[in-house]
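A.B. asks: Take a look at this one; I'll ask things after.
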Amino acid sequence: MRGSFRRRSLAIACGLLGFSSSAVQAEPEAVSFYDLSLEELLQVHISTNRTPAASNALSFKVTVITEQEIRQQLALGFTTSQVLANLIPSFAPARQKLSVQGETLRGGSPLIMIDGIPQSNPLRDVSRDGHVIDLEMVKSIEVIYGANAMQGLGATGGIINFITHDTSDKSVSRLSSTVNFSDHPSSDTRGYKLGFMHNAAFGPSSLLVAGTLEEQGLFRDGNGKLIGLEQIQGDIQDTRSHDLLLKASHHQGAQKFELTFNDYEIKSHGDFLTVPGNTQTGQLTSIKPGAVHGTPPGNRVKHIAFDYHHSELVGGEVSAKFFWQEFAATFGATNTAIFQDARLGNNIYDQSQMHSEKYGTKLSFYKAQLANTQLDLTAGLDLLDDKNSQPLLMTKRIWSPEMHFRNQSPFLQGDYHFTEKFTLNATLRRELAKLSVNDFQTIATSGNTQVSGGELEFNETIYNLGAIYQLTPHLNLVFNDGEGFGMPDAGRELRAINKPGLDIEDVFSISPLVTRNREWGFFYASKRWQGQLSYFQSEAKHGNQLQLVDGVYRLNRRPSETSGWELNSRWQVFDSTQLKLMYADTQGEFDSNGDSTLDSDLTALDIPPRRLVLSWSQQWPQQWTSHIQWANDASRDFQTRGTTTANFTGYSLLDASLTRATRWGDFSLGIANITNRQYTTYFTQVVQRNDRFFAGQGRSFHLQYRITF
């Protein structure tokens, strides 16, 4: 059945690659990797910020990843995590798996959003929020660095907001097709992807329909061997995925109404079994043919949102968003010791599924020059209702109980322009939260313990305070001090309770996580050059680190600090030539033994290595364009109370793509890991588990065709 699907997909993909029609026989427009000039990029309004403001008017660090930058990475066959790692140097190297555990931003957990709708699930953090949408649906990505109070729950490491394609007032269609294969191609390693997008305009109304269907094969390492699967936590190899985006909008004077629906799923075929490696001998984790137990792992994410905007109401702007989101993360079946129960038999296989359902509202009113002053003010209210649980599917037991989280967050956000050169940004947010849990019983390995439920209330006031001072017409000095509010992985702690007589009020580790972030920097921008140098410090009195205890990860709620330098720069050498240099060096420590002293390094689960990314994008005559990028992840050691307990040897990867624009569409060839470097990933090297001793992907080829008409 799968082979039949692949044959049909390949036939369609090849057909699209050879597609031509007189209806599109027009002179091609020059392919440009610079869909926004540097001047335009500085003026992009950041929708993630609740007050309308351009990126160069904000005191905190922000990066806008444009559609063309996303396409550059997709032409190389990269997944969402790899795209983020290549374009955000303070983001940890991608694991190249479905699980994104350890893929942090500045050493903290980023709040993942789609059009402002939260996708992260901090109450039961299963590290699956990195694969919630196909990037073909995304026109840009807004990245806010460091803890902040703008969006509320979960933004303790920053915000990554995927902005989907807009409807437009023109009818336009786009088709795309991709074929990818490894350096040693076979039927199991080939992959195919089909995509379409159509916008229909009806006067003041528009309808956008977009979709993708992808079949991903297995990966080979630099030695030509098949890379092992993450069979329990989930993988992106040997999967089928689809995404469907529907968006309808209507303009009526100063008002805009918009309805959005998105449905994304990625699921393993379950045709291969993991063969554990050996970290002591260097034998890598591999695979063998075989059917998995139970339901193969995967993600299913759906959301519906209604947006209303009025640009001229009572002298200001009103925005309202109402949304529903459902998230289901299924994990592979295993007979691990934690699932055993003598009452149910011997050698029990089981698997879990984390399910979350969210309802929410985001309301805001913006008024420029309030009362004829230099104050631009936004007042708003965010409401969130989140229910989630993690049952065991095969034995119908409850592993993590159902938790009901309700959050009300009124906020004020403003910009005050003291002079033409000096602006102050500020946000004040009140978090009013309640966590409810019913009585439940833990599983046998936690003693079949009866736990009394109850309610916990959390009230926190968090803030942002930042300033921008223009030293010269091209150089700004920026400072920001902000706090982020988050909840730790309460489900992980509740399911581990093994002492009778406890209720949820007795478990300190589920108290809120408040992280403070301060940063200083310079921001330079001219017609040809743009650069930002930042230094940041982040601290949490009650951190949220995972420590491996008796083979099980437990939360460490002790003090932690991270700090680091970041450099983002791009140089428009000529109209046809752009160079980029990005660098990040992140350090982190935590209290490992409860004596209130920061005595140990944070691990690869928390902080990335020192990272350097260089790229060169070039437009050539005859409608040719090219992109070359080199990424280096530097070696580092990890110490626990003065003793080296882990190390990372580092590696560098080189990628390139070439695109040709024709009257029949755009053709591109991307080659990832050109030198076919053999390496093991950052997470693999430091965590050191036999069942997760994975090589990184070797040289791979990606042939893509795209046409717009």
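To keep it simple, each residue is scored yes or no on (1) on the phi < 0 side of the Ramachandran plot; (2) open to solvent by 20 Å² or more (accessible area, probe 1.4 Å); (3) in a strand (DSSP E or B).
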residue: Val451; (1), (2), (3): yes, no, yes
residue: Glu455; (1), (2), (3): yes, yes, yes
residue: Asn459; (1), (2), (3): yes, yes, yes
residue: Asn464; (1), (2), (3): yes, no, yes
residue: Gly482; (1), (2), (3): yes, no, yes
residue: Pro500; (1), (2), (3): yes, yes, no
residue: Arg516; (1), (2), (3): yes, yes, yes
residue: Phe523; (1), (2), (3): yes, yes, yes
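A.B. asks: Here's a follow-up. Which of the numbered conditions does Ile232 fail, given that it passes all the others? Conditions: (1) outside any loop (DSSP other than H, G, I, E, B); (2) under 25 Å from Gln325 (Cα atoms).
C.D. replies: (1) is the only condition that Ile232 fails.
A.B. asks: Would you confirm whether or not the stretch 208-217 contains a residue that is assigned to a strand (DSSP E or B) and among the charged types (D, E, K, R)? Explain how you work it out, then say what you get.
C.D. replies: Taking the stretch 208-217 first, the residues assigned to a strand (DSSP E or B) are 208-216.
Now drop any that are not among the charged types (D, E, K, R), which leaves 214-215.
Yes.
A.B. asks: Same structure, new question: Taking the stretch 101-124 as the search range and keeping residues that are more than 29 Å from Phe306 (Cα to Cα) and touching a Lys or Arg at 6+ places or on another chain (Cβ under 8 Å), which one is modelled with the highest pLDDT?
C.D. replies: For the stretch 101-124, the residue satisfying everything is Glu103.
A.B. asks: Within the stretch 99-128, track down each residue that is in a strand (DSSP E or B), over 22 Å from Gly77 (Cα atoms) and either open to solvent by less than 10 Å² (accessible area, probe 1.4 Å) or among the β-branched types (Val, Ile, Thr) (or both).
C.D. replies: Leu105, Leu111, Met113, Ile117, listed by residue number.
A.B. asks: Would you please name the residue that is surrounded by the fewest Cβ atoms within 10 Å (Cβ to Cβ), looking only at residues in the stretch 71-80 that are of a type outside the set (Phe, Trp, Tyr) and more than 13 Å from Ile160 (Cβ to Cβ)?
C.D. replies: Thr79
A.B. asks: So, in the stretch 129-182, exactly how many residues are in contact with a Leu (Cβ under 7 Å, 6 or more places away or on another chain), more than 30 Å from Trp520 (Cα to Cα) and in a loop (DSSP other than H, G, I, E, B)?
C.D. replies: So the count comes out to 3.
A.B. asks: A follow-up question, please. Show the residue pairs meeting these rules: Cβ distance below 9 Å; 6+ apart or different chains; first residue within the stretch 79-90 and in contact (Cβ under 8 Å) with a residue 40 or more places away in the chain and closer than 20 Å to Gly191 by Cβ; second residue assigned to a loop (DSSP other than H, G, I, E, B) and polar (S, T, N, Q).
C.D. replies: Sorted first by the residue in the stretch 79-90, then by its partner, the pairs are Thr79/Gln96; Ser81/Gln96.
For (1) in contact with a strand residue (DSSP E or B) (Cβ under 8 Å, 6 or more places away or on another chain); (2) farther than 30 Å from Ala337 by Cβ, each residue gets a yes or a no:
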site	(1), (2)
Thr178	yes, yes
Ser186	no, yes
Met197	yes, yes
Gly203	no, yes
Gly222	yes, yes
Gln233	no, no
His269	yes, no
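A.B. asks: What pairs come up if the first residue lies in the stretch 559-578 and is within 30 Å of Leu598 (Cβ to Cβ) and open to solvent by 20 Å² or more (accessible area, probe 1.4 Å), the second is part of a loop (DSSP other than H, G, I, E, B) and among the charged types (D, E, K, R), and their beta carbons are under 6 Å apart, counting only those six or more places apart or on different chains?
C.D. replies: Close Cβ pairs satisfying both conditions: Pro559/Lys541; Pro559/Asp591.
A.B. asks: Kindly evaluate Thr427 against the criterion of being open to solvent by 50 Å² or more (accessible area, probe 1.4 Å), at pLDDT below 95 and within 30 Å of Pro52 (Cα to Cα).
C.D. replies: no
A.B. asks: Next question. Hey, does the stretch 309-327 have a residue that's of a type in the set (Ser, Thr, Tyr), in contact (Cβ under 8 Å) with a residue 40 or more places away in the chain and more than 30 Å from Tyr679 (Cβ to Cβ)?
C.D. replies: We begin by selecting, within the stretch 309-327, every residue of a type in the set (Ser, Thr, Tyr); these are 311, 319.
Still in the running and in contact (Cβ under 8 Å) with a residue 40 or more places away in the chain: 311, 319.
Now restrict to residues that are more than 30 Å from Tyr679 (Cβ to Cβ): 311, 319.
Yes: one or more hits.
A.B. asks: Would you pick out the residues in the stretch 539-557 that are at pLDDT below 80, within 26 Å of Ser596 (Cβ to Cβ) and assigned to a loop (DSSP other than H, G, I, E, B)?
C.D. replies: Within the stretch 539-557, His542, Gly543, Asn544, Asp550, Arg557 meet the criteria.
A.B. asks: Looking only at the stretch 162-187, count how many residues are over 23 Å from Leu76 (Cβ atoms) and buried (at least 21 other Cβ atoms within 10 Å of the Cβ).
C.D. replies: The total comes to 0.
Conditions (1) surrounded by 23 or more Cβ atoms within 10 Å (Cβ to Cβ); (2) assigned to a loop (DSSP other than H, G, I, E, B); (3) at pLDDT 95 or above, marked per residue:
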site	(1), (2), (3)
Ile236	yes, yes, yes
Ser241	no, no, yes
Leu246	no, no, yes
His250	no, no, yes
Lys256	no, no, yes
Thr260	no, no, yes
Asp263	no, no, yes
Gln280	no, yes, no
Val292	no, yes, no
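A.B. asks: If I filter the stretch 188-208 for residues that are at positive phi, modelled with pLDDT of 90 or more and surrounded by fewer than 21 Cβ atoms within 10 Å (Cβ to Cβ), do I get at least one hit?
C.D. replies: Within the stretch 188-208, one or more residues are at positive phi, modelled with pLDDT of 90 or more and surrounded by fewer than 21 Cβ atoms within 10 Å (Cβ to Cβ).
A.B. asks: Sticking with this one: Filter the stretch 682-695 for residues that are touching a Leu at 6+ places or on another chain (Cβ under 8 Å) and part of a loop (DSSP other than H, G, I, E, B); which is surrounded by the most Cβ atoms within 10 Å (Cβ to Cβ)?
C.D. replies: Phe694
A.B. asks: Something else: How many of the residues in the stretch 636-692 are farther than 30 Å from Gln619 by Cα and of a type in the set (Lys, Arg)?
C.D. replies: Final tally of qualifying residues: 4.
A.B. asks: Being touching a helix residue (DSSP H, G or I) at 6+ places or on another chain (Cβ under 8 Å) and within 14 Å of Ile462 (Cβ to Cβ) narrows it down to one of Gly154, Gly146, Gly195, so name that one.
C.D. replies: Gly154 is the lone residue from the list that is touching a helix residue (DSSP H, G or I) at 6+ places or on another chain (Cβ under 8 Å) and within 14 Å of Ile462 (Cβ to Cβ).
A.B. asks: Taking the stretch 625-639, which residues are open to solvent by less than 50 Å² (accessible area, probe 1.4 Å) and within 30 Å of Arg558 (Cα to Cα)?
C.D. replies: Across the stretch 625-639, the qualifying residues are Asp633, Ala634, Arg636, Phe638.
A.B. asks: Can you pull out every residue in the stretch 87-98 that is among the polar types (S, T, N, Q) and open to solvent by less than 10 Å² (accessible area, probe 1.4 Å)?
C.D. replies: If the condition is that a residue be among the polar types (S, T, N, Q) and open to solvent by less than 10 Å² (accessible area, probe 1.4 Å), then Ser90 is the only one that fits.
A.B. asks: Also: Is it the case that the stretch 331-344 has a residue that's touching a Pro at 6+ places or on another chain (Cβ under 6 Å) and either of a type outside the set (A, V, I, L, M) or in a loop (DSSP other than H, G, I, E, B) (or both)?
C.D. replies: yes
A.B. asks: Any residue at all in the stretch 611-624 that's basic (Lys, Arg), modelled with pLDDT of 90 or more, under 21 Å from Ser652 (Cβ atoms) and surrounded by 19 or more Cβ atoms within 10 Å (Cβ to Cβ)?
C.D. replies: Looking for residues that are basic (Lys, Arg), modelled with pLDDT of 90 or more, under 21 Å from Ser652 (Cβ atoms) and surrounded by 19 or more Cβ atoms within 10 Å (Cβ to Cβ), one finds at least one in the stretch 611-624, hence yes.
A.B. asks: Then there's this: Return the residues of the stretch 353-376 that are over 30 Å from the mean Cα position of the chain (by Cα) and open to solvent by 30 Å² or more (accessible area, probe 1.4 Å); say none if nothing qualifies.
C.D. replies: Lys367, Ala368, Gln369, Leu370, Ala371, Asn372, Thr373, Gln374, Leu375
A.B. asks: Of the residues Leu393, Leu384, which is touching a residue at least 12 places away in the same chain (Cβ under 8 Å), aliphatic (A, V, I, L, M) and surrounded by fewer than 19 Cβ atoms within 10 Å (Cβ to Cβ)?
C.D. replies: Checking each option against the conditions leaves just Leu393.
A.B. asks: Now a separate question. Give Phe508, Phe522, Phe536 a once-over and let me know the one that is over 23 Å from the mean Cα position of the chain (by Cα), at pLDDT 90 or above and not aliphatic (A, V, I, L, M).
C.D. replies: Being over 23 Å from the mean Cα position of the chain (by Cα), at pLDDT 90 or above and not aliphatic (A, V, I, L, M) holds for just one of Phe508, Phe522, Phe536, which is Phe522.
The values are calculated or read from the model by the stated rules, or taken from the named source; none is laboratory data. Just so you know, these numbers come straight off a predicted model, no measurement behind them. As a convention, Cβ positions derive from the backbone with ideal geometry for all residues, glycine included, and neighbour counts pool all protein chains shown. When the accessible area is computed, the model is the full protein with side chains, heavy atoms only, and any ligands, DNA or RNA have been set aside. Shrake-Rupley method; radii C 1.70, N 1.55, O 1.52, S 1.80 Å.
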